[in-house]
Amino acid sequence: MSQQIIKLSDNAAIRIKEIMSNAETDSIGVRVGVKSGGCAGMSYIMEYAKKINPNDEVIEDKGVKVFIDSSAIMYLLGTEMDYKKEEFSSNFVFKNPNETERCGCGESFKV
């Protein structure tokens, strides 16, 4: 079996379940992708997935479905998705072994 593109931490899975329970009923999971932009060149994007795109990679982990945009697979291989709660903010954190550089704000990266 090939390596899972993204692994979810327990916190990330719990948070996605919370998000999905509050989502509109036509959402089937969360889609993760990357886009050009940000100070280091690329940034992560997350959105509700309403349908499976033909080229999506579907990850089922810890009871949640994550759809990976086909154009993002090569950038995300081996990434762990975590969810961190801090005093003033909470956000998903991507621990990506492919990053060669990350901007100070943690919003964008370079491979």
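The table below gives the values:
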read-out: So residue 27, is it farther than 20 Å from residue 4 by Cβ and either surrounded by fewer than 18 Cβ atoms within 10 Å (Cβ to Cβ) or among the polar types (S, T, N, Q) (or both); value: yes
read-out: Residue that is nearest to the chain's Cα centre (by Cα) [pool: residues in segment 7-51 that are among the β-branched types (Val, Ile, Thr) and in a strand (DSSP E or B)]; value: 32
read-out: Tally, over segment 84-101, of residues that are part of a loop (DSSP other than H, G, I, E, B), surrounded by 11 or more Cβ atoms within 10 Å (Cβ to Cβ) and out of contact with any Ser or Thr (no Cβ under 7 Å at 6 or more places or on another chain); value: 2
read-out: Flag for residue 104 being exposed (fewer than 13 other Cβ atoms within 10 Å of the Cβ) and either small (Gly, Ala, Ser) or at pLDDT 90 or above (or both); value: yes
read-out: Long-range neighbours under 8 Å by Cβ, at least six apart or interchain, first residue touching a residue at least 60 places away in the same chain (Cβ under 8 Å) and buried (at least 20 other Cβ atoms within 10 Å of the Cβ) within segment 68-83, second of a type in the set (Lys, Arg) and not in a loop (DSSP other than H, G, I, E, B); value: 68/31; 79/7; 79/95; 81/7; 81/95
read-out: Which numbered condition residue 65 fails, given (1) closer than 21 Å to residue 93 by Cβ; (2) out of contact with any Gly (no Cβ under 9 Å at 6 or more places or on another chain); value: (2)
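The values are calculated or read from the model by the stated rules, or taken from the named source; none is laboratory data. What you see is a predicted model, and the numbers here were worked out from it, not measured in a lab. Methodologically, a virtual Cβ is constructed for each residue, glycine included, from the backbone with ideal geometry; neighbour enumeration extends over all protein chains shown.
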